[in-house]
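For reference, the structure is listed below as structure tokens.
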Amino acid sequence: MKESKEELIGYLRKMMDIRLFEEKVMELLARNIIKGASHLYAGEEAVAVGACSAIEEDDYITSTHRGHGHCLAKGGKLPEMMAELCGKATGYCKGRGGSMHIADVTKGNLGATGIVASNLPVAVGAALSAKMRKTNQVVLCFFGDGASNNGIFHESLNMAAVWKLPVVFVCENNLYGMSVAANRCSAVQDMADKAKAYDMPNMICDGMDILDVKETIKKAVERARKGDGPTLVECKTYRYFGHSRSDPRAYRTKEEEKEWRNKCPIKQFSKKLTDNKILTEEEIAQIEKQAEEAVESAEKFAIESPYPDVRELMDDIYAPSPADLLNGGAIR
Amino acid sequence: MREILYKDALVEAMQEEMKRDDRVLVMGEDVAIYGGAYGATKGLYEQFGEERVRDTAISESAIVGAAIGAAITGMRPIAEIMYIDFITQAMDQLVNQAAKMRYMFGGKTTVPMVLRTEGGAGRCIAAHHSQSLEAWIMHVPGLYLVMPSTPYDAKGLLKASIRDDNPVVFIEHKMLYAMKGEVPETDYIIPLGVADIKKKGSDVTIVAYSRQLHVAMEAAAELEKDNISAEVIDPRTLKPLDLDAILTSVKKTSKLVIVSEGYKTCNVASEIAMLVMEHGFDLLDAPVKRVCAVDVPVPMSPVLEDAAIPNKQNVINAVKEVCQ
Ligand SMILES: Cc1ncc(C[n+]2csc(CCOP(=O)(O)OP(=O)(O)O)c2C)c(N)n1
């Protein structure tokens, strides 16, 4: 492994943070402390952490309804995230977005969307902007296998390819779009194949192996930075929980779930670190304990935070503009 | 009479129509194995098989377009769009194809399809899953618009919609699926374009539909204690709209309040208010009032979400203002 020990520890910790955060969210949903919907990322940690470790801090990502992992991997903080999920004023979006719209724009996370595939053209635009501004930034665009059947996926890939934009399309193929298996609703079985229609290079990696994800995305990022245009990377992965809280998971088998649990990205990576004598089991347990404490303190922060003030309901709909002066603003 | 859930009333309606007419098919995301995100297609797949109950890809535009194509060539498709917020992706098919085909082609084709979808706030799922976009639909010539408020209405109206030869947008409310109500076991339909007086009264007319009907009913019950007798009318279909029923009521009460969960600007209520002005200005003793959602993307936080949509007190206040 060519990464430094600190880097490797950082990856492990991030994956643990995500896993424990998601387990805590599950618990808070059951206790009705978190309301609404939450789409949990547990099982897919290696994708977000691997991908985000292949880019720089000032690069961008666009995220999805399953966006907690992306947010954390791009430098998001647990307390602000948990507060957002609880609809609290101290959350990343002042409690207005909740789980599905988590965004930390200051860290280059351009936002999560509740509309499947609607983040793809936004990534294209951000990449266009980076290219025109000559900043050498790249954009990682996360989306699911299901999203790749949506029309806007194809329109976005085409435009990015024609304009040779610095964007990496990261398809998180967890085998299902809600209850519908990818092999029942997609004409090709490797989503990566869809790049061929746009004469775009594609790559497939093991989405349960953080280093494989990182290496693969890195190549795509290098292409993008050199001005060679977009790549479609498919990461084969699996979500451990149901699609959202009320999903009985009748569409998949216990055996399949068990098989993928055995490929747990955190377990695999931990084993690699101990096998290579980089960390001991005690050290790993220690890191897990730190993650646990961090998640607990995020929970405490979120629960103790106040709800937004109802008088702020109408704030931020519009940016300040000269129209504010018309009719005392009543024009709006 | 037996009581069943709103969602089960919808299932029954589709079940009966699928049995009656083998041209009827159901398609949409997660409608087969999963039984619909809100359980409104549960059991159909088991009963009718995958030929007639189809899980689709997440391809809203293709779902609606395919329903149109099937409809104009002899089938009677029911397409489900999981949340009305996602019709944004299917708007071209709905607005430019479904709505206009019959007219553009000289009346020589019909588009007998139903687009079932759901809408409304109340579950803290934020701005992409909580909207009430019915005004968009009502705006477009060529589409019918149905919004049932009770299990009884849901079943009767869905059956009528499936039998109708027009493209019908049928909007359910996410907070009503688990509501129980009396539903006959017999085959009945509720004709499109006929309003229902949900409560008789003499002092003020409240027009309300979908979930807000229940908010209006609660307000009416409370107003009763203040000796204000409200008549509550549920149009049930917003297009065609039963304006006569509304005017008849206003003739009796001379006052009108309209309640809707859609954004206030260009709301369904704005249209109803204007129609009453045009056709019954002389009947009115006070300016019409509308109680609508605030013009704000629906926020996730429970306190903000509550503040964004109408509640009982808003309706009571509006009624008291017009009754002064
Ligand atoms: C346009 C649109 N259609 C449908 C939905 C409902 N929905 C939310 S997530 C989802 C499945 C998405 O599957 P995929 O893209 O594979 O991502 P995953 O959930 O597996 O991460 C569906 C159908 C939506 N949010 N937006």
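The values are calculated or read from the model by the stated rules, or taken from the named source; none is laboratory data. All values reported here derive from a predicted model rather than from experimental measurement. Positions of Cβ are backbone-derived with ideal geometry, glycine not excepted, and every protein chain shown enters the neighbour counts. For the accessible areas, the whole protein counts, side chains as well, though only heavy atoms, and no ligand, DNA or RNA atoms are used. Shrake-Rupley method; radii C 1.70, N 1.55, O 1.52, S 1.80 Å.
At a 10 angstrom cut-off on C-beta neighbours, averaged per residue, how do the peptides A:89-97, A:63-71, B:18-26, B:310-318 rank from highest to lowest? Write down the numbers at each step before the final one.
Numbers: A:89-97: 23.6, A:63-71: 28.2, B:18-26: 16.6, B:310-318: 18.4.
Ranked by mean Cβ neighbours within 10 Å, highest first: A:63-71, A:89-97, B:310-318, B:18-26.
Cα gyration tensor of the stretch B:150-303, axes a ≥ b ≥ c as square roots of the eigenvalues: rounded (a/c below 1.5), prolate (a/b > b/c) or oblate? List each step's numbers first, then the result.
On the way: a/c = 1.40, a/b = 1.24, b/c = 1.13.
Rounded.
Three principal axis extents, largest first, for the C-alpha atoms of chain A, in Å?
69, 49, 42
What share of the DSSP beta bridges in chain A is antiparallel, in percent to the nearest 5?
Numbers: 3 of 24 bridges.
For chain A, the DSSP antiparallel bridge percentage is about 10.
Output the 0 to 90 degree angle, nearest 10, between the alpha-carbon long axis of helix B:151-163 and the longest principal axis computed from the alpha carbons of chain B.
50
Rounded, prolate or oblate for the stretch B:1-149? Axes are the square roots of the Cα gyration tensor eigenvalues, ordered a ≥ b ≥ c, and the cut-off for rounded is a/c under 1.5.
Details: a/c = 1.58, a/b = 1.12, b/c = 1.41.
It comes out oblate by the Cα gyration axes.
Roughly how crowded by other chains is peptide A:30-38, in terms of the mean Cβ count from those chains within 10 Å of each of its Cβ atoms? Write out the running numbers ahead of the final one.
Values: counts 0, 0, 0, 0, 1, 7, 10, 6, 1.
Whole-number average of other-chain Cβ neighbours for A:30-38 is 3.
When you look at the Cβ of every residue in A:243-250, what mean number of other chain Cβ atoms sits within 10 Å?
Working: counts 3, 2, 0, 3, 3, 2, 1, 3.
Partner Cβ neighbours, averaged per residue: 2.
Considering only protein heavy atoms and a 1.4 Å probe, what is the carbon-and-sulfur percentage of the accessible area of the stretch B:4-100?
Values: 1640 of 3240 Å².
Solvent-exposed carbon and sulfur of the stretch B:4-100 make up 50 percent of the total.
Roughly how large is the B-A contact in terms of buried accessible area, totalled over both chains, probe 1.4 Å, nearest 100 Å²?
Working: alone 13510 and 15530 Å², together 26200 Å².
Accessible area lost upon association: around 2800 Å².
Once phi is turned into ³J(HN,Hα) by the Karplus curve 6.51 cos²θ - 1.76 cosθ + 1.60 with θ = phi - 60°, what whole-Hz value does each residue of the stretch B:306-311 show in order, with x for glycine and proline?
4, 6, 7, 10, x, 10
Amide H to amide H under 5 Å from residue A:177: which residues, 5+ apart in sequence or cross-chain, H placed 1.01 Å off N in plane?
HN-HN under 5 Å from residue A:177: A:182.
Could you pull out every whole DSSP H run in chain A that spans at least 18 Å of Cα extent along its own axis and averages 0.5 or higher on the Kyte-Doolittle scale? Numbers along the way, then the final one.
Numbers: long enough: A:5-30 (38 Å, -0.03); A:120-133 (20 Å, 0.99); A:210-226 (24 Å, -0.65); A:281-304 (34 Å, -0.73).
For chain A, where a helix must reach 18 Å along its axis and average at least 0.5, the hits are A:120-133.
Calculate the mean, over all residues of peptide B:28-40, of how many other protein chain Cβ atoms lie within 10 angstrom of the residue's Cβ. Before the final figure, lay out the partial values.
Details: counts 0, 7, 7, 2, 4, 7, 9, 3, 1, 6, 1, 1, 0.
Taking all residues of B:28-40 together, the mean is 4.
Rolling a 1.4 angstrom probe over the protein heavy atoms, how many square angstrom per residue are accessible across the protein assembly as shown? Don't skip to the answer; put the middle values down first.
Working: 26200 Å² over 656 residues.
In whole numbers, the protein assembly as shown has 40 Å² accessible per residue.
So what is the diffusion coefficient of the protein assembly as shown in µm² per second by Stokes-Einstein at 4 °C and 1.567 mPa s, using a Kirkwood Rh over Cα pairs? Mind dumping the intermediate values first?
Working: Rh = 26.4 Å.
Rounded, D is 49 µm²/s.
For the stretch A:2-105, what class follows from the C-alpha gyration tensor (a ≥ b ≥ c being the square roots of its eigenvalues): rounded when a/c is under 1.5, otherwise prolate if a/b is larger than b/c, else oblate? Don't skip to the end; give the middle numbers.
Details: a/c = 2.19, a/b = 1.60, b/c = 1.37.
Verdict is prolate for the stretch A:2-105.
Please report, in whole Å³, the volume per residue of the convex hull around the C-alpha atoms of the stretch A:218-332. Write out the running numbers ahead of the final one.
Numbers: hull volume 34.0 nm³, N = 115.
About 296 Å³ per residue, rounded to a whole number.
So if I take the centroid of the Cα atoms in the stretch A:160-185 and the same for the stretch B:117-179, what is the distance between those two points in Å?
The distance from the Cα centre of the stretch A:160-185 to that of the stretch B:117-179 comes to 31 Å.
So, in Å, what gap is there between the alpha-carbon centers of the stretch A:103-149 and the stretch B:280-324?
38
Using label points projected 7 Å from each Cα along Cα→Cβ, tell me how many nm separate residue A:133 and residue A:189, to one decimal.
4.3
Percent relative contact order of chain B, based on C-alpha pairs within less than 8 angstrom and at least six residues apart?
Details: 734 pairs, mean separation 52.8, N = 324.
Computed value for chain B: 16 percent relative contact order.
May I ask which of B:198/B:251; A:131/A:164; A:74/A:218; A:35/A:267; A:194/A:272 have a Cα-Cα span longer than 21 Å here? Show your work: numbers first, answer last.
Values: B:198/B:251 17 Å; A:131/A:164 9 Å; A:74/A:218 15 Å; A:35/A:267 31 Å; A:194/A:272 33 Å.
Checking Cα-Cα distances, A:35/A:267; A:194/A:272 exceed 21 Å.
Working from Cα positions, state the angle (0 to 90°, nearest 10) between the long axis of helix B:268-280 and the longest principal axis of chain B.
The angle comes out near 60 degrees.
Evaluated at 10 °C with a viscosity of 1.306 mPa s, what Stokes-Einstein diffusion coefficient in µm²/s does the stretch B:259-313 have when Rh comes from the Kirkwood expression over alpha-carbon pairs?
Details: Rh = 12.4 Å.
It diffuses with D of about 128 µm²/s by this estimate.
How far, in degrees from 0 to 90, does helix B:243-253 lean away from the longest principal axis of the Cα atoms of chain B, to the nearest 10?
Taking Cα atoms only, the helix is inclined about 20 degrees.
Near residue A:196, which aspartates and glutamates are there with a Cα under 15 Å away, not counting those fewer than 8 places off in the same chain?
A:155, A:234
Order B:303, B:11, most accessible first, counting only protein heavy atoms with a 1.4 angstrom probe. Please list the in-between numbers first.
On the way: B:303 45, B:11 10 Å².
If we order B:303, B:11 from most to least accessible, we get B:303, B:11.
Using all C-alpha to C-alpha distances in chain B, build P(r) with 20 Å bins and read off the rounded percent in each one.
Going out from 0 Å in 20 Å bins, chain B shows 34, 57, 9 percent.
Taking a virtual spin label 7 Å from the Cα of residue B:109 along the C-beta vector, which residues in the stretch B:57-80 bring their backbone nitrogen under 19 Å of it?
B:61-79
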